[in-house]
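The values are calculated or read from the model by the stated rules, or taken from the named source; none is laboratory data. Just so we're clear, the structure is a prediction, and the values are computed from it rather than from any experiment. In this analysis, Cβ positions are derived from the backbone assuming ideal geometry, glycine residues included, and neighbour counts consider all displayed protein chains.
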Amino acid sequence: MINNTLIQELIHEIVNEEEGVPVVECLMRGSITDEEISEKTHLKLNTVRRILYKLYDAGIASYKRSKDPETQWYTYTWKFESGKVEEIIKKRNREIMENLRELLAFEENNMFFACKNGHYRYTFDEAVENDFKCPECHGKLEYMDNSEIIQQIRKELSLYENNGSEIPLNFKSYS
């Protein structure tokens, strides 16, 4: 079973099917054919192949094609690309950190005003354009302290900065 939640989330995002995890678990044990995966997971061969193609498109599975000399049929042997998974997860973490940094800068460099009836939050410039009145209800826009939002963004960014650089994926692949 895949214990790493980052890998599970990535698989669900790529495959978008519950059956994706058992297929990847088979791949992580080493090179295997789509028929063998179907037998081990008790999934239909078409389902297994659909999942494998999605994993291939994402770059986390690869295959070798070989021809059976007797039947002249092609056999596809699939392999899990653990390095690519780690690369994808690290790239996504870098993107998240960049987005958090941009959001933090936006929050720190702006003054906000909010509708007292809870409609929207506006930057100072937007509030000036609306004469400090809510465009929805025409209620007064009041200063909004965003220090808690800034603290939350900093906390989340800190988690990614401290934990995101070395992601312990713990692959148990024999390939």
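Can you find even one residue in region 75-86 that is within 30 Å of Arg154 (Cβ to Cβ) and of a type outside the set (Lys, Arg)? Yes; the residues of region 75-86 include at least one that is within 30 Å of Arg154 (Cβ to Cβ) and of a type outside the set (Lys, Arg). Residues in region 117-126 that are surrounded by fewer than 13 Cβ atoms within 10 Å (Cβ to Cβ) and at negative phi: Asn117, Asp125. When we screen Arg49, Arg92 for residues that are more than 18 Å from the chain's Cα centre (by Cα), part of a helix (DSSP H, G or I), surrounded by 15 or more Cβ atoms within 10 Å (Cβ to Cβ) and of a type in the set (Lys, Arg), the only hit is Arg49. Residues in region 22-42: is at least one under 30 Å from Ser158 (Cα atoms), at pLDDT 90 or above and either surrounded by 14 or more Cβ atoms within 10 Å (Cβ to Cβ) or of a type outside the set (D, E, K, R) (or both)? No, the conditions are met nowhere in region 22-42.
The set of residues in region 138-159 being at pLDDT 95 or above, part of a helix (DSSP H, G or I) and touching a helix residue (DSSP H, G or I) at 6+ places or on another chain (Cβ under 6 Å) consists of Ile149, Ile150, Ile153. Just one of the listed residues (Glu25, Glu87, Glu39, Glu70) is free of Cβ contacts under 8 Å to residues at least 24 places away in the same chain and closer than 18 Å to Gln8 by Cβ, and it is Glu87.
The residue that is nearest to the chain's Cα centre (by Cα), among those in region 96-129 that are among the polar types (S, T, N, Q) and at pLDDT 95 or above, is Asn99.
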